[in-house]
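Accompanying notes for the structure given below.
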Amino acid sequence: MVRTARARQLRLELSILGVFFGIFILFFIGDPSTFSRFDIYYSFMSTIPFSGIMALAITYVIIAGEMDLSFPSIMGFSGWVFAKLCNVFVNSGMNPDLTIIICTLCCFITGIIGGTLNGALVVKVRIPSLVATIGTMFFWRGLVNVCGQGFGETLVPVNETFLFKVFVGRIGGVLPAQALWMLFLTAGFWIVLKRHRFGSHVLIVGDNVESARMMGIRVSRVKMAVFMQMGFFASLAGILASLEVTYLWPSMGEGYLLRTLAAVFVGGTSVFGGMGTIFGTFIGAIIIGSLEGGIVAMGLTGFWTQLIYGVIIVVSLSIYSVFMRRE
Amino acid sequence: MSEGLSPLVSMIDIQKSFGHVDVLKGVNFEVGGNEIVGLVGDNGAGKSTLIKLLTGVYQPDGGEIYFKNERITIHSVDRSRELGIETVYQERALSEQQTLWRNIFMGREKLARLGFLKVDEQRKETERILREEMGFTSKAISTDSIVKYLSGGEKQGIAIGRALHFNADLIILDEPTMGLSLAETKKVLDFIANIRTRGKSAIFISHNIYYVYPVADRFVILDRGSIAGNFRKSEISQDDLVEKMVKLAQTGTME
């Protein structure tokens, strides 16, 4: 029997679930009282979506055979644009409900511009994306520093607005809205990858650029779109993360890079492009996002976090590699 | 070409040089409707250059190309595909990690609203292409199979099947059996024979006369940029053809 895509996907996703349950069983054994209460899950649901949403978006970039290291900086800069404009507009007397809508649009546009720049550098100027986005990573972070002079921005002026509740409100008082956003986006990314022409083209371009070109797929457009959506979702993550704490730190996004990439790879997406799983990224984001809290809850100090990240990443990748090998 | 019918493609007095090297020196070449032409010749004879003029990769320096009785210029690969000329390169036009149904429809997806794929329809159609059009019998292969795990001959079959399905009138096969085992080569030859059954034409380029002879209707021998011979299958036996080729390689003439 020639291996089918379903069999391959199933095998991969089952091993990811295996890793996931393995880790949570360890958490339970380590600290049954914490992990049998809702609080820790509440905390996971409110913090994981920020990097989780970006992990979904970068999964497409990686499937398309590209890389983006600049998304945390784009998140930071577009978040700064959002927060700064909110303050400027509210201080000049604009209605907060209207302000946050306009600022959200400005933030999205900033993110899309960031993504477009990356796309243009890769597609038009033909710089390999890994290198190009090192450049833009410094550029956007530098821009936050220069524009903000190291100062943060409060978001208290908009925390009574409707859109604020839509983004990071608590549904029924307990369920963070951003968790629903992440669920919703996971479904969207999943369906588009499997059932939409764009997803199909992302897979095909990442698999073999030459054959994609020969079969008439507009490779440049696909790559451009992939970088643009990355920029867009980085800006959305910027809004969610800053609204959650009603404050914009100029360093927002720093530290997200490797964790987000780790979520994608722990989730089983291939670094070579042409293959990937949104379900895997979703689980990967939960694994990576819950480790820190879990480790501390188990009574280890924060010093252990990185060590355990390392172990989990190496172990899970080894499991996939072994499981995916042809019998 | 078949007598009495106008050819599908005719290339008249084609010249092409790269720098000071004349690769094609006034070549006349035709492919008839529903005809498989074996284009044979040594390395460097100009076979690849000749077909790259048909697929729009190169432009001729001189001469005329007619397709379905119309004078044409093929300025790009897209243009050649529009005309109904499709090239099958070994493993180069397939997306290895993807399923068959994605590969058959890559770049030409069947779309529902908002750009979503009609996956069921693509699967069904792929199944039909596999079983009915290409005659795949192996139960091991399904529309959901990943191309990477198919054999070399099967991959060639998929590429040929795809070209036929999208109504290519002329399929160009550039060394389609290169690097394949005997059994796999046999499969590919069957797929090529299928092109004729479906009423289409093909150019089969190969060094190996033993593969070309059984499936082609006519043989064109290219030697250092000129046509050295043109035989219908009824005019020449396989052994004679081989003998002529050997003589050509050794003495530079076929007589």
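Read-outs throughout are calculated quantities, based only on the coordinates presented, and are distinct from any laboratory measurement. Quick caveat, the model's predicted, so the values are computed rather than measured. A quick note on method: Cβ atoms are made from the backbone with ideal geometry, for glycine too, and the neighbour counts reach across all protein chains shown.
Quick look at the numbers
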| quantity | calculated |
| --- | --- |
| Contour excess over end-to-end distance, with Cα ends at A:K165 and A:F138 and 0.36 nm allotted per residue | 6.5 nm |
| Förster radius 51 Å - calculated FRET efficiency between A:W304 and B:L182 (Cβ-Cβ, nearest 0.05) | 0.30 |
| Size-normalised alpha-carbon gyration radius of chain B, reference 2.2 N^0.38 Å | 1.04 |
| Label-point separation in nm, A:D97 to B:K118, each point 7 Å along Cα→Cβ | 4.5 |
| Label-to-label distance, nm, for residues given as A:V146 and A:R218 (7 Å Cα→Cβ offset) | 3.3 |
| Greater than 31 Å apart at Cα, pairs in A:K194/B:K139; B:K148/B:K247; A:K223/B:K186; B:K52/B:K148 | B:K148/B:K247; A:K223/B:K186 |
| The range A:1-66 shape via C-alpha gyration tensor axes, a/c threshold 1.5 | oblate |
| Theoretical FRET efficiency, 1/(1+(r/R0)^6), r = Cβ-Cβ of B:S6 and B:Y149, R0 51 Å, to 0.05 | 0.70 |
| Computed log₁₀ I(q)/I(0) - Debye formula, equal Cα scatterers, no solvent, the range A:5-324, q 0.10, 0.13 Å⁻¹ | -0.58, -0.97 |
| Cβ-based net charge around B:I12, under 10 Å, with every Lys or Arg adding one and every Asp or Glu removing one | -2 |
